[in-house]
Structure formats: structure tokens, C-alpha cells
Amino acid sequence: MKKIEEQISLDGIDKAILRVLMDNARTPVQEIARQLDLSGSAVHQRIKKLEDANLIQGSYLKLNPSSLGYTTTAYIGVYLDKAMRNPEAVSQLKKIPEVVECHYTTGNWSILIKILCKNNEHLMQLLNHQIQSIEGVSRTETFISLHQQINRQIKI
């Protein structure tokens, strides 16, 4: 692995390790080593270097929201009356557990958020009583996702 102007250049072994971990982040180091015909310490060192280079940003358990009753996914474009209100608006959005992503954007909206709701009524309550009541939010534009058709990471 080489770092070239803040971009990381991966060799074939790095890519192979990442592919295994992207398929199952819980794969033991020894299993990866066996698959790639390497020593466990070599795999461990490479994973550590990938983490130190901030290419691997952790591993986590991913829950299925619909299994918990969150069946409505919505994307909301948030218009702020002044750009300088962004930090405070984001601070308030962080307090809403249903907000799972928040992006500072170009274009018409100041902020784009992704929220998970139990149903459309829940979505309406969040919009009316929490999101639109944030100081500086002048209006919102909501898009409900009917079905997520692609869900993947960038290929290595």
C-alpha cells in the first residue's frame, strides 16, 4: 500500500484482504490468511496499515430497520434561511434518532437528510414537530423511498 497525494494505492494482497472483509467483516484474520496463503501476522499488519491510513473506518453490525418496524425511508431536503445556521441546524438534527444521515449539499437545499420512520404518520410527526421547528429551517422537501434497489460499497 502506498499513499500518493492523499490517495491510497493498493496492491493485490490489500485488495484481496479488503474484498474478504467487505463480504464479511467478522472473518477471522487466520481465515483470511489461509485463503490468501499468507501468515496471520502479515494479514494483521496489513489490516492495521489500512486502518491507520483511514481506508478502513471500522466494522460494525448493520441492523435491518424493517425488522424493528421502521418501514418508511425518506430523504428530506432542508432549506435554511441563512447558510450560517448550518452548524446549529445539524446539532439539532443529531438529537433526532431517526435521522441516520446528514449531508451538506450544493444546489437548492442546504442540507439533505435520510430518516427512518415506522410509517407515514411517524414521518409527518417528525417533519411537523421536530425538523421544521428547528430555528433557521425555512422549509423542507420530502421524498419517500418506495424500495432501495441498489445497496453497495465502492468496488475494490
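Taken together, the values in this text are just the output of simple stated rules run on the coordinates, not laboratory data. These numbers come from a predicted model, not from an experiment. Cβ: placed from backbone, ideal geometry, glycine included. Neighbour counts: every protein chain shown.
Below are the figures for this structure:
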item	result
Sequence-separation-based contact order of the chain, relative, with Cα cut under 8 Å and 6+ spacing, percent	23 percent
Cα gyration tensor category, rounded, prolate or oblate, for the stretch 1-92 with a/c compared to 1.5	oblate
Gain in span if fully extended, Asn120 to Ile96, counting 0.36 nm per residue against the direct Cα distance	7.0 nm
Long-range amide H partners of Val100 with built H, under 5 Å	Lys114, Ile115, Leu116
Amide H partners (placed H, <5 Å) of Ile8, local residues excluded	none
Rounded to whole Hz, the Karplus (6.51, -1.76, 1.60) HN-Hα couplings of the stretch 130-146, x for glycine and proline	10, 6, 6, 8, 5, 4, x, 6, 8, 6, 9, 10, 10, 10, 9, 7, 7
Antiparallel bridge percentage (DSSP; both residues within the stretch 65-145; nearest 5)	100 percent
Euclidean distance between Cα centres, the stretch 1-67 to the stretch 82-110, Å	32 Å
Net charge, Ser91 excluded, C-beta distance under 14 Å - Lys, Arg +1, Asp, Glu -1	+1
Proximal lysines to Lys155, defined as alpha-carbon separation beneath 22 angstrom and excluding residues fewer than eight positions away on the same chain	Lys2, Lys3, Lys15, Lys48, Lys49, Lys62
